[in-house]
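Please treat every number below as a calculation from the coordinates, not as lab data. No experiment lies behind these values; they were computed from the predicted model shown. A quick note on method: Cβ atoms are made from the backbone with ideal geometry, for glycine too, and the neighbour counts reach across all protein chains shown.
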Amino acid sequence: MTHLVKQKIVVQWVTPTTLHCEFGELDCTVNKALLIGRCRLYLYEHMAIKLADIVPGFNELLVQFIPSEIDYFADLHQVERLLKQYAMDSSATTSNTASVSTQGTGKRGITHIPVDFGMDYDLVDVAQRLTLSRTDLIAQFCAIEFSVILNGFMPGFIYLSGLPDKFHLPRLATPRLKVPAGAVAIADAYCGIYPQCSPGGWHILGVTEHVLFDIDRSTPASFVTGDIIQFYPLTPVITPILTAKIAPKITSSKEASSD
Amino acid sequence: MIECTLTQYPIFIIDGGRRHAGASGVSESGPMDRTAFRLANQLLHQDVYTSALEVMGECSFVAHTSMSIAITGGNATITLATTLNNTLSTCSYKPDQVINLIAGDKFSIGRLQQGMRLVVGIAGGIDVPLFFDSRCGIMREKFGGLGQGKPILSGDRFAIGCYQPVSHEGEMPSNYSNQSSEYQPIISPSTGIAGVTEIDFVPNYQHAQFSLYARYLFTSQLMQVSQQSNRMGLRIHSNQAIPSIVKHESQALALGVVQIPPNGQPIVMGPDRQTHGGYPVIGTVPEYALDKLVQLTPNESFTFVPVNIEMAIAKYWMNLR
């Protein structure tokens, strides 16, 4: 349980207004996205007044300060202290909701996203490459609990971690010129959802109508780093066997997320 | 109300940039030349983050109400045509001073004789909606700017905001704004090859993973800013490619990070950069040096000079003063 205490978190100024906090190699029982996401909120809790932005990355937090609020040595030490303290606290209390362990997500809610697997983009192709039947692929894919790593490179594009090794496929040799908005796709170790129609080289498994980014909402992006997501298929492709496999899971996790 | 009657390049609305936007995958945005942006607002005696315009070449405007403007960042002839008692008179101005306009005045900015972009500060700023605390707009993001992320093009009209002057705190006489300015930003002294601009960079991110040879090539040769540069990034041309390294995961990008893609030609990331990028980063160009870099024309050479972060911080505050 002390694995996080030894965690290397390197904090340094990279520009006169930006602190770069790098999270080193983690024990495999630690969900890095969750840890980074929680650390971000923890920093906001303690020093919001000084901050212009905190951008989460795969392995880092980029903390941007309001120039007039900077106190170089004090801020560096405070950020370092807060991050280390948080990492230690959460490793000491793995049983409570602040847990960042991959074993179970505690009482945190899971967001269920409906996916239409009916339109065939790469579903059959991926199923063949994984030597799975189409329905098995959908069933196995919908059983995965994904964690949101970050919204990145375009507003609302979410990178999800949690894809098992056997699903890892290299990107398409020739990227598509047009990936539909809402495409749920996989590439390498990640799953992602395209917020808008754009070019892309990921394997598209299905399409969701969930709106990932809407500037007119009070919180434009639907998800933040550390959120948990699970997909479920829209009706057309569900066979009776599959329904039996998935349905209990959906109802049970909905109960979990309602508290 | 002000109207852009003709412009060669799109004109961008700039301000202090977006806040708390990165976690949603939204770019920071903001001015390319922050020194010039602050100066324009200082000349107008208003908050230094008041929104302004960033222009890259010839353009002309009609002021439909009385207003004050200040143009900074480079050198170009500013022509003002005003109709008084039914006679048209024109006069020309230099940048870095306040110009007072009355309703119906036409002003145009000529070709840039020095620098790559000018800031047109307007007393009161531009009145367009705020998103993430900013009025900037980026086309690909489809929000902000004049609407849907659009920049200002020929024929666009837009409202100006309410002028809220800040007190001068005894530093400047009250009639200062009518005087031609002697205001000059402090630029770090150059020590290298005569006529070659030095651009400071702070080695960080993956700098230590680059080979000694790559690091040597990065600081030992003359480079130019390519014409294919924009607000997302400045593409740098170097004769000898910088051998890059393999990096697997994207990372969060700070303003001014220098990415080295596989072709070995550096890219310095600007205010409209995407939040994350996958290329390895050799260091960051601090804000005060970026302000110089964005003003270099494609035929001006420069070299990258490594400075430590302490020096960069000192120069940053000297430039802000």
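So, R0 is 56 Å and r is the distance between the beta-carbons of B:S92 and A:S198; what FRET efficiency does that work out to, to 0.05?
With R0 = 56 Å, the Cβ-Cβ based efficiency is 0.75.
Lys and Arg at +1, Asp and Glu at -1: add these up for the other residues within a Cβ distance under 13 Å of A:H203 and post the number.
Once all neighbours under 13 Å are counted, the net charge is -1.
Using each residue's phi in the range B:305-315, evaluate 6.51 cos²θ - 1.76 cosθ + 1.60 at θ = phi - 60° and report the 3J(HN,Hα) Karplus result to the nearest Hz, with x for Gly and Pro.
10, x, 10, 7, 5, 5, 5, 4, 5, 4, 5
Please tell me the relative contact order of chain B in percent, rounded to the nearest whole number, where contacts are Cα pairs under 8 Å and at least six residues apart.
Dividing the mean separation by the residue count of chain B yields 20 percent.
Calculate the FRET efficiency for A:H168 and A:L234 from the Cβ-Cβ distance with a Förster distance of 30 Å, rounded to the nearest 0.05.
Between A:H168 and A:L234 the formula returns 0.70.
Kindly identify the range B:203-243 as rounded, prolate or oblate by the Cα gyration tensor criterion: order the square roots of the eigenvalues as a ≥ b ≥ c, call it rounded if a/c is under 1.5, otherwise compare a/b with b/c, prolate if a/b is larger, else oblate.
oblate
Efficiency by 1/(1 + (r/R0)^6): what FRET value for B:S66 and B:Q114, r their Cβ-Cβ distance, R0 = 35 Å, to the nearest 0.05?
Calculated value: 0.70.
Per DSSP helix of 4 or more residues, -39500 (n - 2.57); summed, then divided by the residues of chain B. What does that give at 222 nm, rounded to the nearest 500?
After summing the helix terms and dividing by the residues of chain B, the value is -3500 deg cm²/dmol.
Using a ≥ b ≥ c from the Cα gyration tensor of the range A:9-92 (square roots of the eigenvalues), is it rounded, prolate or oblate, where a/c under 1.5 gives rounded and otherwise the larger of a/b and b/c decides, a/b for prolate?
In terms of gyration-tensor shape, prolate.
What three numbers, in Å, describe the spread of the alpha carbons of the protein assembly as shown along their principal axes, ordered from the longest?
Extents along the principal axes, in whole Å: 87, 51, 46.
Pairs A:K166/B:K247; A:K8/A:K166; A:K8/B:K247; A:K32/B:K292: which are spaced more than 27 Å apart, C-alpha to C-alpha?
Pairs exceeding the cut-off: A:K8/A:K166; A:K32/B:K292.
How would you classify the range B:197-320 from its alpha-carbon gyration tensor, with a ≥ b ≥ c the square roots of the eigenvalues: rounded for a/c under 1.5, else prolate if a/b is greater than b/c, otherwise oblate?
rounded
Please list log₁₀ I(q)/I(0) at q = 0.11, 0.16 Å⁻¹ for the range B:49-154, using the Debye equation with identical point scatterers on the alpha-carbon positions.
Summing over Cα pairs of the range B:49-154 leads to -0.38, -0.76.
When we measure straight from the Cα of A:K178, which aspartates and glutamates land under 15 angstrom away, once same-chain ones fewer than 8 places off are left out?
Within the straight-line limit of under 15 Å, A:K178 reaches these aspartates and glutamates: A:D120, A:D122.
When the distances between all Cα atoms of chain B are binned every 10 Å from zero, what whole-number percent does each bin get?
Over chain B, the share of Cα pairs per 10 Å bin runs 6, 26, 33, 23, 10, 2, 0, 0 percent.
With springs only between Cα atoms under 10 Å apart, run a GNM on chain B and tell me which of B:A159, B:A208, B:A241 wobbles the most.
B:A208
In Å, the Kirkwood hydrodynamic radius of the range B:95-173 over pairs of distinct alpha carbons?
The Cα-based Kirkwood calculation yields 15.4 Å.
How do B:Y93, A:Y190 line up, fewest other C-beta atoms within 10 Å first?
Ordered by Cβ neighbours within 10 Å, fewest first: B:Y93, A:Y190.
If Lys and Arg each add +1 and Asp and Glu each add -1, what is the summed charge of the other residues whose beta carbon sits under 11 Å from the beta carbon of A:G57?
-1
Once you put a point 7 Å from the Cα of B:N263 and another 7 Å from the Cα of B:A103, both along the Cβ direction, what distance in nm separates them?
About 5.3 nm separates the two model spin labels.
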